[in-house]
Amino acid sequence: MPAWHRVLDEVLHDRRSALVGYAALFTLDRRDAEDLVHDAIVRTFAKPRALTDVYTAEGYVRSVIRTMFIDSARRTASWRTKVHLLADTGHAPSPEHATAAALDVRAALAGLTPRERAVAVLRYFDDLTVPEVAHELGLSTGAVKRYLFDATAKLRTALGPDVLPHDPDAAVESGSHL
């Protein structure tokens, strides 16, 4: 039996309950913690790794538990900001309404400079953070905030005030661009 099989057996038999307890500190629910531990163990042992003892493997699984929990929380938070876009209003918009809305968005985006458009698409469509947008476009975070502030103002003017969510990550203090 390969060494990692022995380590996996020891983690499952000797350390599983401790790992579930650890995961429960994050999830606050035993069933969710068990699912999280299961997924973390699968992710840990799905690829060959140099895990030669149970303590190293347990530390690695704990790290995967933390990462998976944080990633899940981020996805959930992101989903909550977008779920209203998919909410069933009881009736489907007519094709004419959908086409008009698409044309309105296209016209509003056409009113932006290329930089403003790129920043707005990366921030609101790709859901990147301001530092991630800055990295993608090779700009400073201050420049991204300025472009995003201007783009958001133009889009709200063109499409209405409730179109874009408030973005505290991109807030620009009055006069800070001077």
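The values are calculated or read from the model by the stated rules, or taken from the named source; none is laboratory data. Only a predicted model underlies this, so the values are computations on that prediction, with no experimental measurement involved. All Cβ positions, glycine included, derive from the backbone under ideal geometry; neighbour counts span all protein chains shown. Ligands, DNA and RNA are excluded from the accessible area calculation, which covers all protein heavy atoms including side chains. Shrake-Rupley method; radii C 1.70, N 1.55, O 1.52, S 1.80 Å.
Scanning the stretch 16-35 for residues that are surrounded by fewer than 12 Cβ atoms within 10 Å (Cβ to Cβ) and under 22 Å from the mean Cα position of the chain (by Cα) turns up L25, L28.
Of all the residues in the stretch 64-84, those that are hydroxyl-bearing (S, T, Y) and either under 13 Å from L36 (Cβ atoms) or touching a strand residue (DSSP E or B) at 6+ places or on another chain (Cβ under 8 Å) (or both) number 2. Report yes if L8 is in a helix (DSSP H, G or I) and at pLDDT 90 or above, otherwise no. In short, no.
Residues in the stretch 103-120 that are small (G, A, S) and assigned to a helix (DSSP H, G or I) were compared, and the one that is nearest to A77 (Cα to Cα) is A120. Scanning the stretch 121-144 for residues that are of a type in the set (D, E, K, R), under 19 Å from A77 (Cα atoms) and free of Cβ contacts under 8 Å to residues at least 24 places away in the same chain returns D126, E132.
Inspect the stretch 86-102 for any residue being in a helix (DSSP H, G or I), at pLDDT below 85 and under 23 Å from the mean Cα position of the chain (by Cα) and give the result as yes or no. There is at least one residue in the stretch 86-102 that is in a helix (DSSP H, G or I), at pLDDT below 85 and under 23 Å from the mean Cα position of the chain (by Cα).
None of H38, H13 is over 24 Å from the mean Cα position of the chain (by Cα), of a type outside the set (D, E) and assigned to a helix (DSSP H, G or I) except H13.
Among the residues making up the stretch 103-131, those that are open to solvent by less than 60 Å² (accessible area, probe 1.4 Å) and aliphatic (A, V, I, L, M) are A108, L109, L112, A118, V119, A120, V121, L122, L128, V130. Residues in the stretch 41-53 that are open to solvent by less than 30 Å² (accessible area, probe 1.4 Å) and either within 22 Å of the chain's Cα centre (by Cα) or at pLDDT 85 or above (or both): 3 in all.
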